[in-house]
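These notes are about the structure you will find just below.
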Amino acid sequence: MGLDPTVRRLFETARGHHRAGDLSRAEALYREVLAAQPDHADALHMLGLAALQAGRFPTARAHLASSIALAPRLAEAHNHLGLTLQALRQPDAAEAAFRQALALKRRFAPAWLNLGNLMALTSRPAEAAEAYRHALAVEPRNAAAHANFAKLLAASGKPADAEAHYRAALRSAPDAAIHTALAALLHRDGRPAEAVEHYRQASALAPRSATAAMNLAIGLRDAGRAREAAHAAATAHTLAPGDPAVRSLLADCLMVLEPTGDDTTLAAYLTRALAEGWARPQLLAPAALGLLRADPDPKGLFALEGVAEPDAALADWLRRDTALPGPLTMLLFVVLGAAVIADRATERFLSALRRSALRLCATGATVGTLGLGLLCGLADQAWLTEYAWAETDAEAAELAALEQRTAAARAGGGGPAPEWLAVLASYRGLGALPDAGALLDLSWPAALARCLTRQIAEPAQEAVLQAGLPRLTVIRDATSESVRAQYEANPYPRWTGSVLDLPSAGVHAVLRGALPGLVLDGDGPPAPEILVAGCGTGQHPIETARRFANSRVLAVDLSLASLGYAARKTREAGIATITYAQADIVELGALERRFDVIEAMGVLHHLEDPERGWRALSGLLRPGGFMKLGLYSAAARAPIARARAQIASGGYGRSPAEIRRFRRDMPALLDPEAVANLLASPDFYSISGCRDLLFHACEHPFTLPRIARALDALDLRFLGFELPAAVGPQGAARRDLAAWDAFERDHPDAFRAMYQFWVRAVGA
Ligand SMILES: C[S@@+](CC[C@H](N)C(=O)[O-])C[C@H]1O[C@@H](n2cnc3c(N)ncnc32)[C@H](O)[C@@H]1O
C-alpha cells in the first residue's frame, strides 16, 4: 500500500467527497489514486462501494473482487461484495461473502445485519433471527437491526416481541417508517388508539407524505375519531389531490362525521365529495344533513324549521341576493341536488318550505340569487324523490293557478319569471310542460338553467340513447315483462352526480381486498371481461368498470329507461368500456360470450324462478371465473314482508299517486316497528325506491340453506360475504354457510343490505 503522501492526500480528499455524497467526484479521484498506484486496495474497495451505491452492480463486483484479491482480509470489502451479489440476485454467493466478512471480523454488526436481512428475504427466519441477535449483541442500539428483527418477529406471529424491538428501534432513532410499522402492528392487534399515536408521529416526521397522512386517517377512523380522521384525510388530499385512493378515503371519513355545523373546512370537502362523486352521494348525504342541522348560524336554512310565521321567514331568505353562498349554504344546495334526503323530519320541513314558496310566488315575492338557488335546490330534491312528498288540495289549486300564469306568460312572449319555473319544477317535472324543449333556448340564471337541463334536456338525451340500444334477447317470460314495466316507469336506483376515478386493480387484487384472508395467486386475467346482469341505471356497472383495471363490461337490463339513464351517465363520465344492451337474464343462456366476472346485485330475487336465472348466468362464467351476487335475505326482509302484507290489505295500487297515499297513511297503517323500519330505509323517500321496496312486481327472498343448495347444484364454491371483518363467524367458519346461518338466526338484521357474496366455479 502506498506511502506516497500525495497519493494519501488524494485518497483522503476522495473519501471526503464520498462521505459528503458526491459520488462522481469521489470516483474520479479514486481513479487518479489508482492511476498513480494500481495496487491501492482501499481505493478499489471505495470505487466498488461508490458503484454499488450508484446501482452499477457489475462494476461494483469487479472492483470489490480486485480489492479482495489484493487484500483478502478486508472484512468491509467482503461485506460490500455480499450486498453487491445480493443486488445481482446471487443469494448463495452473497451469503458466502457475508460469512467470510464475519469470519474475518466476528464483532462486525453491519455484516450480521446484512446476513439477517438476506436470511429473512430467503425465508430462513431462524437464521435471520440468530444473525439479528448477533448484530444487537455487538451494537445494542442499532435501530435498523431492531426494526428488521421486529419485522421478522411480526411476520412469525410474535407481535409482543416485535413490538418490543420496534420500540427499542425508536428509542435509538425516531423514524417515520418504523413508527408506521409499529402502528400497523398495534392496529392489527386491535389497539387503534395506540396505533394512532405512532401514525401521528410518522406523519409529523414525514409531513410531505400523503401515505403517512392516509395511515393516520385510517387509524383515527378505526379508533372512532371521525372528525380528526377527516382532517387527516384532508391533509392527505392536499398533498396528493389527484390520488383516487385518497379521495375515496376522505369520502369514507366524511361519511361517518358526527354532526357539528361549525367545521366549514369539512363542510367544503363534503360539498366537493358530493359534487364530484367521490363516493355514492346517498352515503354522504346523512353526514351533510347532520352538519346542516347542527348549523348554529341563525341565518342558516334549518333555523326556519318550526318558526311561527314560515312564509314571512322564507320571504326574507328568498330576498337574499348573495352571489357567493357560504360553505354551509353551498353544502345545502349541493346535497339537495345530489341525493334523496332520507329523513322524515327534513322531508316535512322541505315540503313545508315548498308550500310557502308556492304561496309567496302567487303574491309576487322578491327572489334574489340565493333565494332562487334555494328554490332550485327544493326543485332538485323534489325531482329526485319523484315528487313523493304529500300535497294538500290547497296546494294543488295554487299550483294550477301558477301553471296557468306560466302558460299565459309564455303565450304572451314575455317568458315566465325564473322563480315560477323553479317552484313549478318542485311539484312536477318540467318536461311535462307543453313545448318544454323551447325553454332550453332561453337564457336563465345558472341555478335554473341546471334545473332545466336535469328535467328537460337530460331525459330527452336518454330517450335518444335508449332508441339506439341493442336488444340481445327476447322478453317473453310473464314475470320479466311485469318487472320490466315497473322499471320502465320507475328506473332504480335514481342517482346523480359525476363519477371520478376510483382506485382500480386486477381481479384477484379486488377479490383479496373485498374478502380479506382469501388466498389467490397472481393477478388474474389481464383484461377481464365482465357481465353486469340487471345493471339498473348505471351506478353499478360504472363502479364495476372503475374497480376492475383494464376491464370490458357488458351491462344488461330489462328496462330501456334504466339503460338510457345508465348510458347517459356513462357517457358523461367519459367511460368507453361499458356496452349496454336490453336482455332478459332468463334468456341469456344462449349468449356465446363468456366472462371472467359476473355480477348480479339485487336482481335474481326478482325473477319468477331465481335459480333458473342463476343457472343461465353461471353457464356464462369462464373456468375459474368469479360471480358476485346480491340476494334478499328472508330474515332481514321479514319486517318488509309484514309491511307488504299490511299494504296489500289496505288495497293500495302501484301508481305514484297511490304510493304517495300510502306514504301519507303509513304511520297509522303499520305497526310501530314496521314504521320505524321503513323510515330508516332510504328507499322509503322516493317513489321508485318505495316501489322497489314495498310494491315490487315480484320478490323471492332467499335463506342461506337455499343459497347453499343452489351453489351445490350449480357447482359453485362460496368465497365469502362482503361484510366488515368483525361481523360474523371468524376464521375458517367465514366460508361456511351453515356457520353464517347460525349467526343469522341470532342476528336476523345482519343481511339488511342483502346477502352480498362472491362465488367461484368449483375446480378452479
Ligand atoms: C334493484 S335494481 C338493481 C340494479 C343494479 N344491479 C344496482 O345494484 O344498482 C334491479 C334491476 O334488475 C333488473 N332485472 C330484473 N329482472 C331482470 C331480468 N330477468 N333480466 C334482466 N334484468 C332484470 C331490473 O330491470 C332492475 O333494473
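The values are calculated or read from the model by the stated rules, or taken from the named source; none is laboratory data. If you're wondering where the values come from, they're calculated on a predicted model, not measured in any experiment. A quick note on method: Cβ atoms are made from the backbone with ideal geometry, for glycine too, and the neighbour counts reach across all protein chains shown.
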| Within segment 511-539, restricting attention to residues that are closer than 21 Å to L283 by Cα and in a helix (DSSP H, G or I), which residue is nearest to the ligand (Cβ to nearest atom)? | Q539
| message | I'd like the residue in segment 603-622 that is under 30 Å from the mean Cα position of the chain (by Cα) and part of a helix (DSSP H, G or I) and, out of all such residues, is nearest to the ligand (Cβ to nearest atom). | response | H606
| said: What pairs come out if I take residues in segment 133-152 that are at pLDDT 95 or above and pair them with residues that are of a type in the set (F, W, Y) and not in a loop (DSSP other than H, G, I, E, B) whose C-beta lies under 6 Å away, six or more apart or interchain? | reply: H134/W112; A135/W112; A145/Y132; F149/Y132; A150/Y166
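Results for (1) surrounded by fewer than 18 Cβ atoms within 10 Å (Cβ to Cβ); (2) within 30 Å of L591 (Cα to Cα); (3) touching a Cys at 6+ places or on another chain (Cβ under 8 Å), shown as yes or no for each residue.
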{"residue": "L402", "(1), (2), (3)": "no, no, yes"}
{"residue": "L430", "(1), (2), (3)": "no, no, yes"}
{"residue": "E462", "(1), (2), (3)": "no, yes, no"}
{"residue": "S482", "(1), (2), (3)": "yes, yes, yes"}
{"residue": "P491", "(1), (2), (3)": "no, yes, no"}
{"residue": "R494", "(1), (2), (3)": "no, yes, no"}
| Residues located in segment 588-598, provided they are within 16 Å of the ligand (Cβ to nearest atom) and under 29 Å from the mean Cα position of the chain (by Cα) | F595, V597, I598
| request: Scan segment 254-277 residue by residue and report those that are within 18 Å of P327 (Cα to Cα), under 15 Å from the mean Cα position of the chain (by Cα) and hydrophobic (A, V, I, L, M, F, W, C). | output: L254, M255, L270, A273, L274
| said: For segment 557-587, give me the residue count where each residue is more than 8 Å from the ligand (Cβ to nearest atom), buried (at least 19 other Cβ atoms within 10 Å of the Cβ) and assigned to a helix (DSSP H, G or I). | reply: 10
| said: If a residue must be surrounded by fewer than 19 Cβ atoms within 10 Å (Cβ to Cβ), in contact (Cβ under 8 Å) with a residue 12 or more places away in the chain and farther than 16 Å from A204 by Cβ, how many such residues does segment 227-245 contain? | reply: 5
| request: Grab the helices (runs of 4 or more DSSP H) fully contained in segment 661-747, keeping just those with 1 or more residues being under 29 Å from D252 (Cα atoms) and outside the structural domain of G517 (by TED's automatic domain parsing). | output: 672-679, 687-694
| Within segment 434-463, tally of residues that are closer than 24 Å to T537 by Cβ and in contact (Cβ under 8 Å) with a residue 24 or more places away in the chain | 12
| request: Answer yes if at least one residue in segment 632-642 is outside any helix (DSSP H, G or I), buried (at least 20 other Cβ atoms within 10 Å of the Cβ) and away from the ligand (no atom under 13 Å from the Cβ), and no otherwise. | output: yes
| message | Every residue in segment 265-316 that is surrounded by 19 or more Cβ atoms within 10 Å (Cβ to Cβ) and aromatic (F, W, Y), please. | response | Y269, W278
| Pair list, Cβ < 8 Å and 6+ apart or interchain, from segment 472-484 residues that are closer than 12 Å to A697 by Cβ and among the aliphatic types (A, V, I, L, M) to residues that are part of a helix (DSSP H, G or I) and within 9 Å of the ligand (Cβ to nearest atom) | V483/H606
| field | 3 or more residues buried (at least 21 other Cβ atoms within 10 Å of the Cβ) and hydroxyl-bearing (S, T, Y): qualifying helices (runs of 4 or more DSSP H) within segment 56-153 | value | none
| request: Test V532 against the stated conditions and say whether it is in the same structural domain as R571 (by TED's automatic domain parsing), touching a residue at least 40 places away in the same chain (Cβ under 8 Å) and buried (at least 24 other Cβ atoms within 10 Å of the Cβ). | output: yes
| message | Quick check on P491: is it in contact with a helix residue (DSSP H, G or I) (Cβ under 7 Å, 6 or more places away or on another chain), assigned to a loop (DSSP other than H, G, I, E, B), within 9 Å of the ligand (Cβ to nearest atom) and modelled with pLDDT under 95? | response | yes
| message | Looking at the structure I just gave you, is H508 away from the ligand (no atom under 14 Å from the Cβ) and either surrounded by 15 or more Cβ atoms within 10 Å (Cβ to Cβ) or not assigned by TED's automatic domain parsing to the domain that holds A732 (or both)? | response | yes
| remark: Selection over segment 540-556 where residues are assigned to a loop (DSSP other than H, G, I, E, B) and either within 15 Å of the ligand (Cβ to nearest atom) or not assigned by TED's automatic domain parsing to the domain that holds L620 (or both) yields a count of 0
| request: Determine, yes or no, whether T473 is outside the structural domain of A273 (by TED's automatic domain parsing), in a loop (DSSP other than H, G, I, E, B), within 24 Å of R594 (Cα to Cα) and touching a strand residue (DSSP E or B) at 6+ places or on another chain (Cβ under 9 Å). | output: yes
| task | Restrict the check to segment 468-481 and report whether at least one residue is under 38 Å from the mean Cα position of the chain (by Cα) and more than 15 Å from the ligand (Cβ to nearest atom). | result | yes
| request: Read through the list (1) out of contact with any Ser or Thr (no Cβ under 8 Å at 6 or more places or on another chain); (2) surrounded by 14 or more Cβ atoms within 10 Å (Cβ to Cβ); (3) under 23 Å from G619 (Cβ atoms), then give the number of the only condition that L714 fails. | output: (1)
| In segment 496-505, which residue that is of a type outside the set (S, T, Y), at negative phi and part of a loop (DSSP other than H, G, I, E, B) is surrounded by the fewest Cβ atoms within 10 Å (Cβ to Cβ)? | D501
